[in-house]
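All remarks here apply to the structure that follows.
Throughout, read-outs are computed from the coordinates displayed, never taken from laboratory work. Please read these numbers as outputs of a predicted model, since none were measured by experiment. Cβ placement follows ideal geometry from the backbone for every residue including glycine, while neighbour counts extend to all protein chains displayed.
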Amino acid sequence: MMTHRLFFDYTHNPATTCPCLRIEIHSPKRLFFSFKCHTILKNFFESAYSQKDSVYLLSKLCDMKKIIALLILAASLPGIVAQAQSHNTKCLGVSTGYLFDTENVQIGIFMHLPFAKNWRVAPSVNYAFTHHDLNEWEIDGNIHYLVPFAGRFSFYPLAGIAFQSWRGNALQSDKELSNTRNKFGINVGAGLEVNLSHRFNLHLEGKYIFINDFNQAHISLGLGYKF
């Protein structure tokens, strides 16, 4: 949460002391901004004290409120931009998924590694629990293109490659005695990501795996820790 701290210091003798206004802004990224407006404040107070008029002083104070508001807005802009770009950050997480054709439940770990403003590489390693005497290890390497919307949400299409290693007695036959199949394939799909906080995000992802003998749809839910 971004907080604003406003410091103001002035003495009654503008001839000997230059007034100083300092605005400090602390964001989650520990950004720090400090502004000193010596000339503006000095001119303001010199003219105010020379008039020695309370009405005139009040009118000048109103003008100063506008200046201070503009300074705060200008100092806040870098933090606003940083928050807008936080949708594409390094991330390490865990996921669970489901393979529709073989009916296997998966668990896995993944990483998100940005390499451009809206682009990232998403490698993952997954294990499918045994079902119908079949289990599987899978390594994916996908590329995401993020399209942020509504503040904390991002939609992304994805494409990449998959390597699957299936094992189980169900793979054996009269022509094939081995109970192992190693296959390469292609992933195509899309996902929806939500920034839960500046440290965590949640994504829902669906894809279709084009792979010989094991073509099937896949859906997963993942929780990531941003660093």
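Between beta-carbons, use under 15 Å as the cut-off and find the net charge around residue 201, counting Lys and Arg +1, Asp and Glu -1.
+3
Between residue 171 and residue 149, what is 0.36 nm times their sequence separation minus the Cα-Cα distance? Round to one decimal in nm.
Stretched out fully, the residue 171 to residue 149 stretch lengthens by 3.4 nm.
To the nearest 0.05, how large is the calculated FRET efficiency for residue 200 and residue 129 if R₀ is 25 Å and r is the Cβ-Cβ distance?
With a Förster radius of 25 Å, E is 0.45.
Given 0.36 nm per residue, what is the gain on full extension from residue 163 to residue 94 after removing their alpha carbon distance, in nm?
23.0 nm
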